[in-house]
Amino acid sequence: MNPLARILKKFRILFGRERFRVELDEEMAFHRLQAERELIAGGMGAEDARYAAMRRFGNETRMKERSHEAVGFSLETVAQDLSFALRQLRKNPGFAVTAILILALGMGASVAIFAFVDAALIKPLPYADPTRLVDVTESLALFPHGNLSYADYVDWKRMSTVFSSFAAYTGTGYGLNTPAGTEPVPGERVTVGFLRTLGVVPMLGRDFREGEDVAGAAPVAMLRYSTWQNRFGGRRDVVGQTVTLSGIAYTIVGVLPRDFQFALRDNAEFWIPLQPTTECEKRRSCHDLYGVARLKDGVTVEAARAQMKSIAAELEAQYPDSNRGQGASVMLLSEAIVGHIRPILLVLLGGAGLLLLIACVNVSSLLLVRAESRRRETAVRGALGASPLRLARQFATEGLTLVAAGGAMGLALAYGGMQVLQRLISKDMMIGMPYLRELKMNAHVLEFAGCLALLAAILFSITPILHLGFSKMREGLTAGGRGSAGNLWRRMGANLVVVELATAVVLLTGAGLLGKSLYQLLHLELGFQADHLAIVNVGLPLPEFSKDEKVVQFAREALERARNLPGVQSAAISDVLPVSCNCETDWVRFVGRPYNGIHNEVNAREVSTEIFATLHARLLRGRTFTEADDATRPPVVVVNESFAKKYFPGEDPIGKKMGDTALTPKSIREIVGVVADYRDASLDEEQWPAEYQAFNQSPASYFSLIVRTGQDERTLLPLLASAIHQVSPDAAVEDGTTMTQRINDSQTAYLHRTAAYLVGGFAGLALLLGVVGLYGVIAYSVSQRTREIGVRMALGAQRSSVYKLVLKEAGRLTAMGILAGLAGAIGAALLMGKLLFGVRAWDAETLIGVAVVLGVSAMVASFIPARRAASVNPTEALRAE
Amino acid sequence: MAKKPDLLPGTLDMLILKTLTRAPLHGYGIALSIKRLSDDVLTVEEGSLYPALQRLLLQGWVKAEWKLTETNRRARFYTLTAAGRKQLGIELTEFEQMVAAIGRVLADAQEA
């Protein structure tokens, strides 16, 4: 009979167990009755016959058991092991609760962080065949990942053979008329092949058609799903209707699928074919696009990069004026999207892993202590006939029970942690990381948790089994049972504690370095005073404000009204806010100097007259702008100190003239002032040279209004919005914010803060676990050596020398842990170099601080058992034997 | 009560199968049959028949069904299956080989 049929039969018996039992009983009863009858027929007395029949039958209960065993699964004994394990854990709740809590913390942290890693790094992008999608842009020495110019995009697309499709996109904003006034809405301009490249099909209507991205084609638009739902009531007849954006009527041709996301520009509500109509797109030297392409089958990213680089070189030769130094960057789209958060996630995963390691080590040593105290029990069970395998299985079952309880709690903790971490991400940042919305307890995460649990279970089963070594069973039966096993535990336990302490050092150092980075970042010398600044962003609808004079007029009136608000000290305009990015750059060339075509890239900002006063930025030389610097006067600029140092070393820049790379007469402007550097870039970017142009001479239709007040700047925000609407009801005003909030909420600050807090939390737990582990080892060692200490003291040892004895042991372990840990910590810090800001991996202050903190905590933890040892009463200790 | 020789280990299954070759029997009948045929030399601890029977059932070497005895009592009767007959053949061959081997060793020991 084949094994499968046998197993099926076993199952039938298992589920018809009651019937099996009844039938067996009846059969056996019949047997005895027959035997009894026969004996009576042979002349035996009724009573005697009954006993004789029973004797002949043998031990009935045993026979029944053996019958059950014959058909039962050996699994049934597992239930016995399990109930014994539970009884054991209940008997010692302190141990069980501690072990389960420690495990739950370790597993919870790891699983929660893994869920983020899964959502951001492992799960592919939600497009067809996402590994074939690449991000394609131009590159510069300063910008390894820059933008594309429209003319270059067109040439690249024409000349390349490695892509099956190649699209460009760029962000934009529109003013949308709503009942509440003009609302600024984010939009995206894309070439018509964009969705086809991603492999996305509109859920309603049609995709863009060839030719719709040619200048002059009829304007069409596609809606994001949520826009369709919220602004158009989800009506299916929306296709074919028109929507007016910034004064232009667009025909709606389609709606994007509900689950569509594009991490690099996820908040765009309206998707419009990219017609090269802006000033920038008419110039080859102006870069405002990004490219995304699908690789042809069999083409590698490297091959594509090589071809794009050679095309870029060709164009450089052809257009030396505009394309000098313009290379090409081709990378996987996923790299472009999640590349920047990979280091932080990996660091966090590493931190959580270390915490889990320390938790497992801690539980292992708890199990060791317990196995030690259960030597007698194990020995007795062994002597009573429990097979070694059965004993081992008992320990395995206990380990599994612990892991199951700890794992279940860990999953609950992880779920809670994920919710909290997700909620901590600001709405603005979520726009850049839409993949985090997919953060869930999914199959991946559960599998990961299962693997962790399995590893932990194996570890916890093996530890006590190894420790016991069945050959020593008999030794365990002898009273006291001290001797070699105690030493073994001390050795193993001590090694484990060194591992724990070393791990704690690594985590503490990591936390220290990240904390220091965060502090440096938030206390960076900004070059201006960030407090008491209120900010609103203003967008002016284009047809109405297409003339510069109208924008200037609007700005003048808006500033005037803002200044008259209660508590306002000064007000100014900048087209890009401080602490944003090294972006919106310009290439400059100086009049009267030889020019070799190199790109002198500087940040360019259009600012109003009072900007430096409002920010409290220091003017170093020359003058700032005045209201007189308007379109009727020759253009002037103020430059920052970095600019002056880089381009005018040892020279006075005031009065010098500069222009664009071709020195077109219109572009020539005179430097009239130098301000001390203030931060245009984001917190962790380097300081670049910058030029500030007079807003009145070079106005922008989208800008930020910055207001300094003596009072709480938040109260100003609604007043500012209404002041702007008073100037023009058509102006779009975005939710205001304050400068300090902007800096604290910036992605740079968020990432550093999250990393510092989480790793700090892990490190705190690791310190606690490590120190508790050390306490356990020392306390155990003291309890084992009570008699020895008693003898020493009886022979005249001073209490101080007992202290020394115990503390020396603790000190040795701590020192080993710290030394091993410091080596590991420097290694780990080098690995996370990208996340460090303003500190080095071998930052002595942090390393010494960690060593001191751990050393002191360890000494405090071992002082308690040392005290107990020193207060041993020699007579009692000796009598106890 | 005189001490009876123990059954050779592993032979009980074979004996049960053999007794069942003649006719279906219930447990008591099997015990009785083994005892009679061996002239009272082989007495099994009667209860140990039952775990053995469960094993044989599980292997599919015997079948069981409840029937009435001549005295009109309900009893479980065991019947040899085709697989059981084959198994008996295998076990008999192995057993004979073993007995022959033991015999040869013992004969040799006597000659020496």
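Looking across region B:76-96 at every residue that is more than 12 Å from chain A (Cβ to nearest Cβ) and part of a strand (DSSP E or B), the one that is surrounded by the most Cβ atoms within 10 Å (Cβ to Cβ) is identified as B:L80. Screening A:R66, A:R56 for residues that are part of a helix (DSSP H, G or I), surrounded by fewer than 18 Cβ atoms within 10 Å (Cβ to Cβ) and outside the structural domain of A:Q394 (by TED's automatic domain parsing) leaves exactly one candidate, A:R66.
Please find, among A:L33, A:L8, the residue that is farther than 26 Å from B:T69 by Cα, assigned to a helix (DSSP H, G or I), among the aliphatic types (A, V, I, L, M) and within 12 Å of chain B (Cβ to nearest Cβ).
A:L8
Taking region B:18-38 as the range and being crowded, with 21+ Cβ neighbours inside 10 Å, part of a helix (DSSP H, G or I) and either small (G, A, S) or more than 12 Å from every other protein chain (Cβ to nearest Cβ) (or both) as the test, the residues that pass are B:G27, B:A31, B:I34.
Which members of region A:144-180 meet the condition of being in contact (Cβ under 8 Å) with a residue 24 or more places away in the chain and in a loop (DSSP other than H, G, I, E, B)? The answer is A:P144, A:H145, A:G146, A:N147, A:S160, A:T161, A:V162. As a summary of the residue check, A:T661 satisfies the conditions (1) under 26 Å from A:D745 (Cβ atoms); (2) assigned to a loop (DSSP other than H, G, I, E, B); (3) touching a helix residue (DSSP H, G or I) at 6+ places or on another chain (Cβ under 8 Å) except for the one numbered (1). Among the candidates B:T81, B:T11, B:T93, the residue that is over 21 Å from A:L33 (Cα atoms), among the β-branched types (V, I, T) and touching a residue at least 60 places away in the same chain (Cβ under 8 Å) is uniquely B:T11. Put simply, of A:S546, A:S570, A:S580 the only residue that is surrounded by 15 or more Cβ atoms within 10 Å (Cβ to Cβ), of a type in the set (S, T, Y) and either part of a loop (DSSP other than H, G, I, E, B) or touching a His at 6+ places or on another chain (Cβ under 6 Å) (or both) is A:S580. Within region A:49-72, the set of residues being among the hydrophobic types (A, V, I, L, M, F, W, C) and more than 9 Å from every other protein chain (Cβ to nearest Cβ) comprises A:A49, A:A52, A:M54.
Let's see how each residue does on (1) free of Cβ contacts under 8 Å to residues at least 40 places away in the same chain; (2) in a helix (DSSP H, G or I); (3) in contact with a Gly (Cβ under 6 Å, 6 or more places away or on another chain); (4) crowded, with 20+ Cβ neighbours inside 10 Å:
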site	(1), (2), (3), (4)
A:E788	yes, yes, no, no
A:M793	no, yes, no, yes
A:A797	yes, no, no, no
A:R812	yes, yes, no, no
A:M816	no, yes, no, no
A:G827	yes, yes, no, no
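Meeting the requirement of 3 or more residues that are touching a residue at least 60 places away in the same chain (Cβ under 8 Å), the strands (runs of 3 or more DSSP E) wholly within region A:241-346 are A:242-245, A:270-273, A:287-295, A:327-332. The single condition among (1) at pLDDT 90 or above; (2) in a helix (DSSP H, G or I) that A:A534 does not satisfy is (2). Being modelled with pLDDT under 90 and within 14 Å of another protein chain (Cβ to nearest Cβ): is that true of B:L15 here? So B:L15 fails the test. Being touching a residue at least 40 places away in the same chain (Cβ under 8 Å), part of a helix (DSSP H, G or I) and more than 21 Å from A:S285 (Cβ to Cβ) holds for only one residue in A:F625, A:F612, and it is A:F612. If we keep just the residues of region B:39-63 that are of a type in the set (D, E) and surrounded by fewer than 16 Cβ atoms within 10 Å (Cβ to Cβ), which is nearest to the other protein chains (Cβ to nearest Cβ)? Ranking the candidates gives B:D40 first.
Is one or more of the residues making up region B:97-110 acidic (D, E) and in a helix (DSSP H, G or I)? Yes, region B:97-110 contains a residue that is acidic (D, E) and in a helix (DSSP H, G or I).
Looking for something at the interface with chain B (Cβ under 10 Å from one of its Cβ atoms), β-branched (V, I, T) and exposed (fewer than 14 other Cβ atoms within 10 Å of the Cβ) - is there at least one such residue anywhere in region A:15-28? There is no residue in region A:15-28 that is at the interface with chain B (Cβ under 10 Å from one of its Cβ atoms), β-branched (V, I, T) and exposed (fewer than 14 other Cβ atoms within 10 Å of the Cβ). Just one of the listed residues (A:Y127, A:Y51) is within 36 Å of the chain's Cα centre (by Cα) and either of a type in the set (F, W, Y) or not in a helix (DSSP H, G or I) (or both), and it is A:Y127.
Among the residues of region B:64-75, is any modelled with pLDDT of 85 or more and either part of a helix (DSSP H, G or I) or more than 13 Å from chain A (Cβ to nearest Cβ) (or both)? There is no residue in region B:64-75 that is modelled with pLDDT of 85 or more and either part of a helix (DSSP H, G or I) or more than 13 Å from chain A (Cβ to nearest Cβ) (or both). Residues in region A:755-789 that are within 30 Å of A:S682 (Cβ to Cβ) and in contact with a helix residue (DSSP H, G or I) (Cβ under 7 Å, 6 or more places away or on another chain): A:A755, A:A756, A:L758, A:V759, A:G760, A:F762, A:A763. Apart from one condition, A:V791 fits all of (1) more than 37 Å from the chain's Cα centre (by Cα); (2) at pLDDT 90 or above; (3) not charged (D, E, K, R); the exception is (2).
The values are calculated or read from the model by the stated rules, or taken from the named source; none is laboratory data. The structure presented is a predicted model; accordingly, all values stated were derived computationally and were not measured. Every residue, glycine among them, receives a Cβ derived from its backbone with ideal geometry; neighbour counts consider all protein chains shown.
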